[in-house]
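Down below is the structure, laid out as structure tokens.
Derivation of every value follows stated rules applied to the coordinates shown; laboratory data play no part. All values reported here derive from a predicted model rather than from experimental measurement. Neighbour counts are summed over all protein chains in view; Cβ atoms, including those assigned to glycine, are modelled from backbone coordinates with ideal geometry.
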């Protein structure tokens, strides 16, 4: 008798988890082998991130990553998994011109196997977010530190530290939700601000350096395995330190996120 095919996690399932207080575990993923490992370990969401520019291509930033690069890696991840939810970054230059062009580019990622696309930017992306959402493309908005704007932001630094910046991020989050965003990712902001925004929204929030109150957490896979070159950011924990295999390290990450153990005080701002 044929074995039943596992159903993929859906955006509805993620939203239900948020409402029920169950944390969402997300990691970046770029290939079929790691996709299978992460799914087996219980990771809910695989983010095919443009961080592949850094950890796969050896670039100094995410800016050189192309749409073709992203489509290729989404296809790889999709082939390696049957249950996990797949999200894909829109790379630099593929969503900044017009909602219509963004739709065409996002459609390529959806056809490759993504269930949601992620767009960096605040209130200026509300029109594009609404255009995509109304045409069947789920959107994860991304605020706080937006790596594609690293040169404009003056480097990789904490966002929302003063009152005016914090107020703008709160307003951006609400505007993006109203525009139709299904998820919100917040990067490198004070934990208190991450909690305030999470409480103000009805959609799930995912944090990376945004405190423990978020609906879920994400890390770059290579960072949480401790194999990225250089010094790891403060918000990263090396889960290989107390593990005897990659599988157990990922399982420990999932357990730590879902129990609320991670991020701890030393990982937040």
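What order do you get for 197, 11 when you list them from fewest to most C-beta neighbours inside 10 Å?
If I rank by nearby Cβ atoms, fewest first, I get 11, 197.
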- Which percent of Cα-Cα pairs in region 1-129 sits in each 5 Å bin, short to long? 2, 11, 19, 20, 20, 15, 8, 3, 1, 0, 0
- Message: Give the separation of the Cα centroids, region 163-219 to region 23-61, in Å.
- Response: 21
- Grab the beta carbon distance between residue 163 and residue 107, set R0 = 30 Å, and tell me the FRET efficiency rounded to 0.05. 0.15
- Query: How big is D for the chain, in µm² s⁻¹ as a whole number, if Stokes-Einstein is applied with the Kirkwood radius of its Cα pairs at 20 °C and 1.002 mPa s?
  - Reply: 117
- Note on the structure: Taking r as the C-beta separation of residue 261 and residue 150 and R0 as 41 Å, the FRET efficiency to the nearest 0.05 is 0.85
- Please work out how much length the chain gains when fully extended from residue 200 to residue 57, using 0.36 nm per residue of separation minus the C-alpha to C-alpha distance, in nm with one decimal. 47.7 nm
- Message: Ranking request for peptides 204-213, 119-128: highest mean number of other beta-carbon atoms within 10 Å first, then the rest in descending order.
- Response: 204-213, 119-128
- Task: Just report the Cα centroid separation between region 228-247 and region 107-137, whole Å.
- Result: 31
- Could you list 142, 82 in order of exposure, starting from the residue whose Cβ has the fewest other Cβ atoms within 10 Å? 82, 142
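Evaluated at 10 °C with a viscosity of 1.306 mPa s, what Stokes-Einstein diffusion coefficient in µm²/s does region 124-248 have when Rh comes from the Kirkwood expression over alpha-carbon pairs?
Rounded to a whole number, D works out at 102 µm²/s.
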- Query: Under a plain spin-label model, where a point goes 7 Å from the Cα along Cα-to-Cβ, how far apart in nm are residue 40 and residue 68?
  - Reply: 3.4
- Note on the structure: Rh_Kirkwood(region 139-180) over Cα pairs, Å, one decimal, evaluates to 11.2
- Note on the structure: Note on region 73-229: contact order normalised by length, alpha-carbon pairs under 8 Å, 6 or more apart, percent, works out to 17
